Amino acid sequence: MSKRIEVNDLDVYYSKFKAVEGVNLVIEPRSVTALIGPSGCGKSTFIRTLNRMHEVIPGAWVDGEVLVDGNNLYGPGVDPVRVRRQVGMVFQRPNPFPTMSIRDNVLAGVKLNNQRISKSDADELVEKSLKGANLWNEVKDRLDRPGNGLSGGQQQRLCIARAIAVEPEVILMDEPCSALDPISTLAIEDLIEELKQDYTIVIVTHNMQQASRVSDRTAFFNIAGTGKPGKLIEVDDTATIFSNPSIKDTEDYVSGKFG
Amino acid sequence: MTSPEIIRPKAKQRPGDRVFSASALISGSLILAILAAVAGFLMLQGIPGMFADPESVSIYTEGENFVEFVVPLIFGTLWAAALALVMALPLAIGIALFISHYAPRRLAQGLGYIIDLLAAVPSVVFGLWGANVLAGAIQPSFVWLEENLGWIPLFAGPVSGTGRTMLTAAIVLAVMILPIITAISREVFLQTPPLYEEAALALGATRWEMIRTVVLPFGRPGVIAGAMLGLGRALGETMAVAMVLSGSGVIVFDLIGSVNPLTIAANVALRFPEAYGINVNVLIATGLILFAITLVVNSIARYIVNRRKDFSGAN
Ligand SMILES: Nc1ncnc2c1ncn2[C@@H]1O[C@H](COP(=O)(O)OP(=O)(O)OP(=O)(O)O)[C@@H](O)[C@H]1O
Ligand SMILES: [Mg+2]
């Protein structure tokens, strides 16, 4: 189910402004890759290119290649809608659809593209996805209540359940815990650990401990100054990045000297 | 058991807050007072008309009483407004979605401006246009409707020669209420939080699916509110209907024939100039009923909006 991602010479633009420049990166299947770096260096911008969500913003475009198991996401004739079904995403702010029940939230992706699903299959999928997101026990008695009646941490896990219900190959998470308390954060981190068995995961985080706890590989992005594009400075095994990075800026950043 | 004493710290009163709350209170009560005054006037003047001796009312036809007089008018009012809404609502939602989610920004602004302009056209102008242009132009298609869809009772005919029928009036009404529904729908569609739009897109929704799963559910209360404003205008519209429709107090479902029902408001406008004495009270009584209908329609709308409040996204 999970796939290898290869990014070649990727430049990312907002109209004329080049936000990210020259990224080359390989992400192995069934691994967790953390993206770290100071605010504004383009982590969110970059991660959104991995499922073609970047181009949703008017004027935003991309130059370069993103290969998922060898297929270029930006090749001619590739439908971004198909890409997004393969590469799921969890956002910084929990965003379950408030107009839908918990159950319908989980099924939202599955019901797209006019797909029909029998009630028993749907029940099974809801249970499986919510269990997969460690949320089942907390919500099994109120599946018909609105999704935004949950706590922030529960909402975020509901979003994860919604993302895994469509069985993507890759899951992207942009600061999924930044709006959550430490307990909810730990719950999500445990969940990431489990999801790694099945999915390729890319996560943006500002929390160094989190990066070192959950990720196998860490990529450090940096920016030379305002108005300059962000760049990928160094990517390596997480242990190496945090103990013995090869570039001085990385060391300064992970040891808290700046950013 | 003694209930523990609840201590509420007194909020400090700031002059700005006080001025604001006072002025809000005053304008709120003013609206209520005006409404009460209107209702009081309608009841005071109208109720004698309702119970007047039918013999003394010259606008009744032979042997008619108040109920027989007003029921066809109520029917005509609701029928015309409902037809107008059925035609205008889907179109308005479509235009609003096009402006908010499909059109390039330049085009969207221009279109929005034109729609707002349409809202400012006085109803007499619509009436003139409906009676003198639309009726004549649309009459041939009524003939076609009768020939091809005559088996549907709505198009049974015989076709009116002038084209000044219920359908024509309903189309004019639809054009009149289109701008308000469109403007409000566009406004609420534009306010859909991008957060949720992105959630849908990231799940692999096409643009239309994103609209269906996020934009429409979010906009629903607003669209209903807009539809009710439009319906209110259609229910109460006087000039345009009076000018376009050559109607009388009948209950007829045929949309294209020469015998058509009339609406309460148009009936008042047509009869009022020559009404005297108790006749005036009868007409005011029909006005009271129109007032009541509008109230009921609004309460229904409110009920619909509130029913799924938990799921509205407002909390
Ligand atoms: N919608 C946008 N339009 C134009 N420029 C944008 C847009 N979003 C982000 N940018 C710019 O792109 C650059 C990278 O922003 P991005 O949000 O990717 O940073 P980030 O690394 O995610 O920061 P943070 O850690 O604060 O989330 C910034 O200079 C930002 O101003
Ligand atoms: Mg970010």
Requested in this report: Kindly indicate whether any position in the stretch A:172-190 is within 16 Å of ligand 2 (Cβ to nearest atom), open to solvent by 10 Å² or more (accessible area, probe 1.4 Å), part of a loop (DSSP other than H, G, I, E, B) and among the acidic types (Asp, Glu).
Outcome: yes
**Report entry** Near pairs, Cβ below 6 angstrom, 6+ apart or cross-chain, from the stretch A:195-224 (of a type in the set (S, T, N, Q) and part of a helix (DSSP H, G or I)) to any residue that is more than 15 Å from ligand 2 (Cβ to nearest atom) and open to solvent by less than 20 Å² (accessible area, probe 1.4 Å)
**Finding:** A:Ser212/A:Thr238
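Does A:Leu112 satisfy the condition of being at pLDDT below 90 and within 11 Å of chain B (Cβ to nearest Cβ)?
Values: at pLDDT below 90: yes; within 11 Å of chain B (Cβ to nearest Cβ): yes.
Answer is yes for this residue.
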Report summary line: Of B:Pro221, B:Pro217, the only residue that is within 13 Å of chain A (Cβ to nearest Cβ) and farther than 30 Å from A:Gln86 by Cβ is B:Pro221
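Return yes when A:Arg93 is out of contact with any strand residue (DSSP E or B) (no Cβ under 9 Å at 6 or more places or on another chain), at the interface with chain B (Cβ under 7 Å from one of its Cβ atoms) and open to solvent by 60 Å² or more (accessible area, probe 1.4 Å) and no when it is not.
Details: out of contact with any strand residue (DSSP E or B) (no Cβ under 9 Å at 6 or more places or on another chain): yes; at the interface with chain B (Cβ under 7 Å from one of its Cβ atoms): yes; open to solvent by 60 Å² or more (accessible area, probe 1.4 Å): yes.
So A:Arg93 passes the test.
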Query - Enumeration of residues in the stretch A:131-171 that are surrounded by 23 or more Cβ atoms within 10 Å (Cβ to Cβ) and basic (Lys, Arg) - result: A:Arg157, A:Arg162
Query raised in the report: Can you tell me how many residues in the stretch A:191-210 are within 20 Å of B:Gly204 (Cα to Cα) and within 16 Å of ligand 2 (Cβ to nearest atom)?
Result: 2
Report summary line: Among B:Leu270, B:Leu283, B:Leu295, B:Leu235, the single one that is touching a residue at least 24 places away in the same chain (Cβ under 8 Å), away from chain A (no Cβ under 14 Å) and over 22 Å from B:Pro54 (Cβ atoms) is B:Leu235
Query - Failed item, numbered, when A:Arg145 is tested on (1) charged (D, E, K, R); (2) in contact (Cβ under 8 Å) with a residue 40 or more places away in the chain; (3) within 9 Å of another protein chain (Cβ to nearest Cβ); (4) out of contact with any strand residue (DSSP E or B) (no Cβ under 9 Å at 6 or more places or on another chain) - result: (4)
Query - Neighbours by Cβ (under 9 Å, 6+ apart or cross-chain): first from the stretch B:200-212, at the interface with chain A (Cβ under 7 Å from one of its Cβ atoms); second of a type in the set (Ser, Thr, Tyr) and in a loop (DSSP other than H, G, I, E, B) - result: none
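The values are calculated or read from the model by the stated rules, or taken from the named source; none is laboratory data. As the structure is a prediction and not an experimental result, all values here were calculated from the model. Here the Cβ is made from the backbone with ideal geometry for all residues, glycine too, and neighbour counts use every protein chain on show. SASA here: full protein model, heavy atoms, side chains in, ligands and nucleic acids out. Shrake-Rupley method; radii C 1.70, N 1.55, O 1.52, S 1.80 Å.
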